[in-house]
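Step one of this worksheet: look at the structure below.
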Amino acid sequence: MNRSHRWSTIAAAAALAAGTLLMPSNIAFADEDSPGGMPLTGAIPGPVSPLYGLNGRVADILDHGTASGTPVQMWDLTGAENQQWTLFPVPRPPGQLSQQLYNEISQKCLAATEQPNPGDPYPNGTPVELQDCASAGSADSWVLDDAVTDGSPGGGALANFPSERCLDVIDNVSANGVRLQLWDCTGGFNQKWNFPPTSTS
């Protein structure tokens with residue numbers, strides 16, 4: 001089964017009760033070795049915003065860290081630079097789309113950390129951390145449900161491109177300091193995100 005068909009099957013099977021699909025149903029996917037990366041010469045950045053999640057907390061880089069491997073956690077909104085993200089489109093053939101979430105102060109991207117697990121390098125529970133921004137199709141590429149950016153109050157899913165798993169708040173716990181991980185897309189509140197534009201980069 002090709003990747004595009006697998007995504008369509010996952011999205012249809014995991015439709016929310018309200019009728020909102022977990023994944024955009026009209027997205028096709030390029031091969032994982034497609035050229036690209038971030039930051040890219042000539043790439044047009046999207047707006048800068050916090051990434052809002054469970055109970056209004058936001059994705060926050062632990063202790064304002066800038067090193068690869070720095071954990072990303074949930075925290076109350078402070079407006080600090082370690083809570084600001086820019087969406088960059090990952091270049092792909094026409095009609096194909098994914099995004100990188102870039103933090104300017106660290107100059108790194110939100111990414112899943114590959115695990116030493118043959119056959120499934122991004123299993124459930126894979127940490128989501130800061131990593132150097134890499135090429136299209138890599139672990140810092142995310143597919144956004146339309147509801148993430150269209151102002152829908154319920155938010156939507158961010159699915160990691162190579163793993164086909166969703167950005168997830170561990171154990172559905174709403175508290176400062178709870179880390180982010182990959183998990184099978186469930187449509188739960190701990191996998192709903194909003195990226196409301198507040199300014200341009």
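Where a number appears in this text, it was derived from the coordinates with a stated rule and is not lab data. Everything numeric here is computed off the predicted structure, so don't read it as measured data.
Data table
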quantity: Karplus 3J(HN,Hα) series, Hz, for the range 168-180 with 6.51 cos²θ - 1.76 cosθ + 1.60 (x for Gly, Pro); calculated: 9, 7, 4, 6, 6, 8, 9, 6, 4, x, 6, 7, 9
quantity: Added length on full extension, which subtracts the Cα-Cα distance from 0.36 nm per residue, Asp132 to Leu77; calculated: 17.4 nm
quantity: P(r) tail fraction, the range 72-201 - alpha-carbon pairs more than 26 Å apart, %; calculated: 15 percent
quantity: Extended-chain gain in nm, criterion 0.36 nm per residue less alpha-carbon gap, Thr66 and Asp150; calculated: 27.3 nm
quantity: Computed over the range 60-133: relative contact order in percent, which uses C-alpha pairs under 8 Å that are six or more apart; calculated: 32 percent
